[in-house]
1. So which strands (runs of 3 or more DSSP E) are wholly in segment 85-200 and hold at least 1 residues that are modelled with pLDDT of 50 or more?
2. Determine if segment 20-31 includes at least one residue that is within 27 Å of E118 (Cβ to Cβ) and surrounded by 13 or more Cβ atoms within 10 Å (Cβ to Cβ).
3. For A113, are the conditions met, namely being in contact with a helix residue (DSSP H, G or I) (Cβ under 7 Å, 6 or more places away or on another chain), closer than 27 Å to P17 by Cα and surrounded by 11 or more Cβ atoms within 10 Å (Cβ to Cβ)?
4. Give me the residue from segment 1-30 that is of a type in the set (D, E, K, R) and over 22 Å from the mean Cα position of the chain (by Cα) and, out of that set, modelled with the highest pLDDT.
5. Which of the residues that make up segment 35-50 are more than 15 Å from D94 (Cα to Cα) and either small (G, A, S) or buried (at least 17 other Cβ atoms within 10 Å of the Cβ) (or both)?
6. Just give me the residues in segment 91-133 being farther than 30 Å from K70 by Cα and charged (D, E, K, R), in sequence order.
7. Would you confirm whether or not segment 55-67 contains a residue that is exposed (fewer than 14 other Cβ atoms within 10 Å of the Cβ) and closer than 26 Å to P15 by Cβ?
Amino acid sequence: MRIDTWIDGIPVGQPRPRMCRNGHVYNPSTADAWKRAIVQTIVKERCGMFFPKGTPVEVWMTFWLPAPKKLKTTGAELVTVKPDVDNYAKAGLDALTNAGLWHDDSQVAILHASKFREAGGPIGMRLVVFEATLTDAGVHPYLRRLLRLHRRFRRLISGDRFSRKSLTPGEKAVVSPVDSECEVRSNDSQTSCREGPHGQ
């Protein structure tokens, strides 16, 4: 399942909730027109596509913003002014949820968002959505290293770096994840071992 589409319109970031004098909290409607444009496009192009609950999703959002008239540079440039790119992404994710593309936007496990502008260039959003996997090109090297570090840390805190069979019922394994130091503590004795880069 994959969606690769273009959405016309001026991207608008998700506004912050506001509070009335009587204490009522509401969401400003500044992004409503932009969200409707996203919903209309997705409903027309998804052709019944739906990511069920529990399915991880990867989303690429490239926002093309209006360029100021005084912009003299040629070609595209990265935008470094407000709204923040995560506000644009939040509005987009909310609209995709309203369009019924998935059960909930918490399914988005990988998110790429960027904002550009270009004098005389396009205005809108390039949207790509597909099921996420650990082997996605350009993503898996980082994730595989992260998972290896996570598994190594789990082994350290579980005491697998030294033999658990040597522990007596009154002893407890204590491991420092910073320098891989481990200690075997008991009620009447204490032994330590240092395996990390700082050990002797």
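1. Qualifying strands (runs of 3 or more DSSP E): 108-117, 124-131.
2. Yes, that holds for at least one residue.
3. Answer is yes for this residue.
4. My answer is D8.
5. R46, G48
6. Answer for segment 91-133, where residues must be farther than 30 Å from K70 by Cα and charged (D, E, K, R): D94, D104, D105, E131.
7. yes
The values are calculated or read from the model by the stated rules, or taken from the named source; none is laboratory data. Because the structure is predicted, anything quoted here is derived from the model rather than measured. Using ideal geometry, Cβ is built from the backbone for each residue, glycine included, and neighbour counts are taken over all protein chains shown.
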